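Right, one structure below, let's go through it.
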Amino acid sequence: MIAMSTWAIGDVQGCARTLSRVLDLIRFDPAADRVWFVGDLVNRGPSSRLVLRTVMALGDRAVTVLGNHDLHLLARAASVSAQKRRDTLGDVLDAQDRDEIVAWLRARPLIHREPGYVLVHAGIPPTWTLREAERRARGAEKALRGPAMKAFLRAWRSPADGRWTRAGGGVARAGRDAAVLTTLRLVDERGRPNDGFSGPPGEAPRALVPWFRARGADRRGTTIVFGHWAALGWLAQPGFRGIDTGCVWGGSLTAVRIEDGHRVSVPMED
């Protein structure tokens, strides 16, 4: 029997009732256990504010990395991004405690690393070492938390051709680095990120491969836990755990225990 458990939970995306059911089923004990959230706590589902408040209430027993929908919420709150057709962020943006929630979200990391594990929303390009990925993440987090936040968010949401290829540094580079960490799915033969595809891996354009199958993606002795790719679904292979099982799309919300790989999945209940 495991005395203390660390659970990783996939993309919640505003599915508060389903999250509550998962926490009940894994018998999560905040006095003893920890939980990692792979990002995208919000949007598309009905109860983004309740999800955020649930996770915030866990204090330091929860680790949350930022996903693309979380950054989109911050961009909406900062009047950097316009409302998208399928956004369901009004319960956060109109809330009396909006400022507190936004401040908490801005303080979340883009990468969390512990011995043997890395938690990231979308992925890490095979051309980056883990040390480089951490360095880039810390630079992006600094920009997000600082006075140049709006410029950072504009760079993060810039068109795909600019995200990956434009020269430059500072806030613009930080925004592009955050875009990689929060939207990566495919890379080309040189390991460079390619944007715009969200379907199943088997339908990916020719000459592009999932980032975790590219040469150099495997970091020996380290397992990368990620979400973001609902069409990929559950992935368990040496060095990688993909845990976005498409809850908000009528799939399920998955939790996996880091210590032994035990998995619990709950169909969407919201």
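So, in the range 110-127, of the ones that are surrounded by fewer than 19 Cβ atoms within 10 Å (Cβ to Cβ) and not β-branched (Val, Ile, Thr), which residue ends up nearest to residue 242 (Cα to Cα)?
Applying the filter and picking the extreme gives 117.
Looking at (1) of a type in the set (Gly, Ala, Ser); (2) at negative phi; (3) buried (at least 17 other Cβ atoms within 10 Å of the Cβ), which one does residue 233 not meet, given that it meets all the others?
Residue 233 satisfies all of (1) of a type in the set (Gly, Ala, Ser); (2) at negative phi; (3) buried (at least 17 other Cβ atoms within 10 Å of the Cβ) except (2).
Pick from the range 1-22 the residues that are hydrophobic (A, V, I, L, M, F, W, C) and within 22 Å of residue 92 (Cα to Cα): which of them is surrounded by the fewest Cβ atoms within 10 Å (Cβ to Cβ)?
Filtering the range 1-22 for residues that are hydrophobic (A, V, I, L, M, F, W, C) and within 22 Å of residue 92 (Cα to Cα), the one surrounded by the fewest Cβ atoms within 10 Å (Cβ to Cβ) comes out as 16.
Restricting to the range 56-78, and then to whatever is in contact (Cβ under 8 Å) with a residue 40 or more places away in the chain and either surrounded by fewer than 18 Cβ atoms within 10 Å (Cβ to Cβ) or of a type in the set (A, V, I, L, M) (or both), can you tell me which residue is farthest from residue 256 (Cα to Cα)?
78
Which residues, counting only those in the range 129-155, are buried (at least 20 other Cβ atoms within 10 Å of the Cβ) and without any contact (Cβ under 8 Å) to a residue 60 or more places away in the chain?
Selection gives 133, 136, 137, 140, 141, 143, 152, 155.
May I ask you to list the residues in the range 196-230 that are touching a Ser or Thr at 6+ places or on another chain (Cβ under 8 Å), of a type in the set (Gly, Ala, Ser) and at positive phi?
Within the range 196-230, 216 is the sole residue that qualifies.
Quick one: what pairs do we get from the range 177-188, first residue over 16 Å from residue 40 (Cβ atoms) and touching a residue at least 24 places away in the same chain (Cβ under 8 Å), second aliphatic (A, V, I, L, M) and surrounded by fewer than 24 Cβ atoms within 10 Å (Cβ to Cβ), C-beta under 6 Å, 6+ apart or different chains?
186/204; 186/208; 187/214
Starting from the range 223-247, keep only residues that are acidic (Asp, Glu), then list their pairs with residues that are buried (at least 24 other Cβ atoms within 10 Å of the Cβ) and in a loop (DSSP other than H, G, I, E, B) whose Cβ atoms are within a distance under 6 Å, requiring at least 6 positions of separation or different chains.
Going by the 6 Å Cβ cut-off, the qualifying pairs are 244/10; 244/11; 244/227; 244/228; 244/229.
Of all residues in the range 152-174, count the ones that are modelled with pLDDT under 65 and among the hydroxyl-bearing types (Ser, Thr, Tyr).
1
Please go through the range 1-19 and pick out each residue that is of a type in the set (Ser, Thr, Tyr) and more than 11 Å from residue 268 (Cα to Cα).
Scanning the range 1-19 gives 5, 6.
When the range 1-35 is examined, which residues are found to be assigned to a strand (DSSP E or B) and out of contact with any helix residue (DSSP H, G or I) (no Cβ under 9 Å at 6 or more places or on another chain)?
Answer for the range 1-35, where residues must be assigned to a strand (DSSP E or B) and out of contact with any helix residue (DSSP H, G or I) (no Cβ under 9 Å at 6 or more places or on another chain): 6, 8.
The values are calculated or read from the model by the stated rules, or taken from the named source; none is laboratory data. The shown structure was predicted, so the numbers you read here are calculated from the model rather than taken from an experiment. Positions of Cβ are backbone-derived with ideal geometry, glycine not excepted, and every protein chain shown enters the neighbour counts.
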